[in-house]
1. Quote the relative contact order of chain A in percent (integer), defining contacts as alpha-carbon pairs under 8 Å separated by 6+ residues.
2. Going Cα to Cα from B:Lys329, which lysines come in below 27 Å? Please leave out same-chain ones fewer than 8 positions away.
3. Under the Karplus relation 6.51 cos²θ - 1.76 cosθ + 1.60, θ = phi - 60°, what is the ordered set of whole-Hz ³J(HN,Hα) values for region A:429-446, x standing for Gly and Pro?
4. What list of ³J(HN,Hα) couplings, whole Hz, do you get for region A:338-349 from phi and the Karplus terms 6.51, -1.76, 1.60, once you set θ to phi - 60° and write x for glycine and proline?
5. Highest mean first, what order results for A:43-54, A:60-71 on Cβ atoms within 10 Å?
6. Rounded, prolate or oblate: which fits the protein assembly as shown when a ≥ b ≥ c are the square roots of the eigenvalues of the alpha-carbon gyration tensor, with rounded for a/c under 1.5 and prolate only if a/b beats b/c?
7. How about region A:251-353: which trypsin sites (Lys or Arg not before Pro) there are in a DSSP loop, with at most 13 other Cβ atoms within 10 Å of their Cβ?
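Derivation of every value follows stated rules applied to the coordinates shown; laboratory data play no part. Quick caveat, the model's predicted, so the values are computed rather than measured. Heads up, the Cβs are rebuilt from the backbone with ideal geometry, glycines too, and the neighbour counts pull from every protein chain shown.
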Amino acid sequence: MPAACTDTCKFYQKPPMTMRYARMIHLLLILVLSGPAMAETYEHRLANGLRVIVKEDRRAPTAVHMVWYRVGSMDETSGSTGVAHVLEHMMFKGTPSVGPGEFNRRVAAAGGRDNAFTSRDYTAYFQQVPKERLPEMMQLEADRMRHLTLDENEFSQEIKVVMEERRLRTEDQPQALLFERMSAMAFQSHPYRVPIIGWMSDLESMTAADARDWYERWYAPNNAYVIVVGDVEHQAVFRLAEQHYGQLSARTLSARKPQIEPAQAGLRRLVVKAPAELPIVMMAYKVPVIRDLERDIDPYALEMLSAVLAGHEAARLSRNLVRQQRLAVDAAASYDSTSRGPGLFYLYGSPSEGKTRTEFEAGLRAELALVQRDGVAADELARAKAQLIAAQIYKLDSMFAQAMEIGQLESVGIAHAQHRRMIDKLQAVSAEQVQDVARKYFVDDVLTVAELDPQPLPRAPRARSPFVGRH
Amino acid sequence: MNPMRCLIGCVLLLAVQLAAAGPKIERWQTPSGARVLFVESHSLPILDVQVDFAAGTAREADGKAGSAALTHALLDLGVPGMDETQIASRLADLGAKLSGGVDMDRASVALRTLSMADKRGPALDLLRQILGQPLFPNDAFERERARTVAALKEALTRPDAIASKTFWAAIYGAHPYARQATPESVSALERSDVIDFHASNYNAQRATIAIVGDLSRAEAEALAADLSLAMPAGKPAEALAEPALPSGGERRIAHPAAQAHLLLGLPTIRRGDPEFFPLLVGNYSLGGGGFVSRLMKEVRDKRGLAYSVQSYFHPLGQLGPFQIGMQTKKEQADEALRVTREVLATFLSQGPSEAELLAAKQNLIGSFPLRLDSNRKILENVALIGFYDLPLDYLDRYQENIERVTVERVRAAFSRVLRPGQMVTVVVGGE
């Protein structure tokens, strides 16, 4: 379990996956939730601005504790990209009362598991523990919220670890590399153009002072929220939160500049060469995300379209491009309707042996044209909705997944209590609305296409030759 | 934290938590010979069913490497009356999900469905057909074979995959566990190979059915009986021979990647070996305990040589591997290897300190509730107990078995299974 970044990986290795559909509920789920002993959600705000959200789930004697900061890589500036994620690593390197590495030791001694992740929109820390160890976790998180040491020596070691992480997860991963370069082209002004882990050159020149500056600017109770899901009593959790987090003072937060991306007017295309066997084509259309939960229609329709295209094995892209035409070894779509920054609708995959990138791209475009011309069938839409409902029920089997759902919604400014309205809106999407968004947004003027041009290895490794040194 | 207070507090804590028991597991056998394990849980309207067959890659015929995975991939691509699109659409309509995988020992097929009768009934009907009556249509066979070849070729460009394949071939030599699909071996497979593999290996005698969720015992019995009746009774799987141990050695393969990938290890223990507990506890201190292990401290924290470094034991039906793995900038691969070997040698000669032993026990015992806090996790555990025929009180006694480990037992177990002269090293990267 290496440190840092389940979400970093999710975002920069590949486009965000279709998992977000799992956010939807339905009448069925509401019935389930109203049963005895099922999850209830409560919220409390401390005087210093910290919000505490508790969901009681008494199925097992454990709890997950998370602290989310409303700051991610999109708040970085040129020259110090990657600092949000580096600070996340440094958060494990000690305070005056908890020495370097001691945080992990104490969580482990409590029988817990802990980690953290940085995304474009937020930075979050979590521990999964037996429920009786929750107070200690709060004490530890409250301590590092304001008292981080940020020692120079620790920094100089840890920045090397982060550079190794970048080598491992981006430089040596053709798909991640392609996604990184595509983002830098699709966005020219908005900070979504920058990789979460940062450019290598910025990591090389980063100092402990950069990390300190970031910490002082953004780590404060009024820029954070705490989520606890598990076998807990919400009033007791609120009292604990008052005790541990309540003593921290609020701070004045820096202003966030809008950095609005100018409208794209014309197709953008790039090619990346890397050692690989399979070509990859990735297409990204600029689309809206949810800004007004009640009035918006298009983001919900785009979610449903994504499910119809790629929500299951027999969804359109897989059925038509992989199975029937054998044009692709893989073909998928993905879209996330909730983010702080601008949205993209992705289509991507790899052509089959003997097929070109051009042919595969034409195949993807043909699928979009089909939706634009004929729309989607009623049974396809109903199937997508049925899957979403089931996924939401399955999510109740994981405390961690329930906490993530609350955290991600809150990170983009959607109150978790609004969740049910989102579900209603998604359930109300019609086939006509799906066809409308396909016509409205899938146009070349707002498209970026990235292609991986695979390069042979300099010398083919003889990985299967007999092993030296065996009898 | 005051160490004395910790010591006292921790001992008390251990005493309290040792009382925790696993879920109540019921076990029986169907008339046609499938083993069944069942955990009843009505807190969510969810049913999970996992069927494990002794149909892993070790069961492939000579020259047929890749047939186990290809058979598994084709199971849900055609049954009487339904083609692949109809099957996948039906599952999606029901909100049901199929998953699974293939390793050396097992081929697993897992169904997650809502437990209401109108959902679970049709979903289970499909599962029965998928396991017992797959048609292996020729067009799907040819397509999946081509996709598998493409994926294998892609993997052979990646340093991690090259390292892993080289490592497995090296530690298992001529044993069936060494068998690995290649683009060539898969290209040579015929549809009849898949049909043969299914006929020989997917049967009731080789099946373990794990059921967890919103179902009564009577319903679970009927479900298991129906499932196993859908398959031929067949014959039980024969035991695999014990692998010969490698005689050490180091293999280096050039690669243009920025990082070198390092693997060290050898075959060690079987699933069910009583020495598993001292090895598990010891390995926590060596390289299994995440951020608090010796390898993590020396390789990552002190020297910044790697993002991730870890070690683990993976017991199988036969001697499964111990492995240490890491990735580092290729220029410093030798330094990382030197540090790793030093850490390992010190650990083998001295074992963990008493403080490390206590920390390992605290975590492994204290985290026990986290191993079982969802239906999904209970299913994984129960399927493992069933397939490897572990005692039914395995989970109930898990904490007690860990508590009984001593420094001496760790040292003895490590020196029995980790002989440095037999340890294989693979480095992929650099010139």
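1. Details: 858 pairs, mean separation 109.7, N = 471.
RCO, chain A: 23 percent.
2. The reachable lysines, counting only those whose Cα sits under 27 Å from B:Lys329, are A:Lys10, A:Lys14, A:Lys93, A:Lys160, A:Lys273, B:Lys153, B:Lys165, B:Lys297, B:Lys302.
3. Karplus values, whole Hz, x for Gly and Pro: 4, 9, 4, 5, 5, 5, 5, 4, 5, 4, 6, 6, 10, 8, 10, 4, 4, 10.
4. Once rounded to whole Hz, the list reads 10, 7, 5, x, x, x, 10, 10, 9, 10, 7, x.
5. Values: A:43-54: 18.4, A:60-71: 24.1.
Going from most to least packed, we get A:60-71, A:43-54.
6. Working: a/c = 1.19, a/b = 1.02, b/c = 1.17.
It comes out rounded by the Cα gyration axes.
7. Numbers: sites: A:Arg251, A:Arg256, A:Arg268, A:Arg269, A:Lys273, A:Lys286, A:Arg291, A:Arg295, A:Arg316, A:Arg319, A:Arg323, A:Arg326, A:Arg340; in loops: A:Arg251, A:Arg256, A:Arg291, A:Arg295, A:Arg326, A:Arg340.
Those satisfying the criteria are A:Arg256, A:Arg291, A:Arg295.
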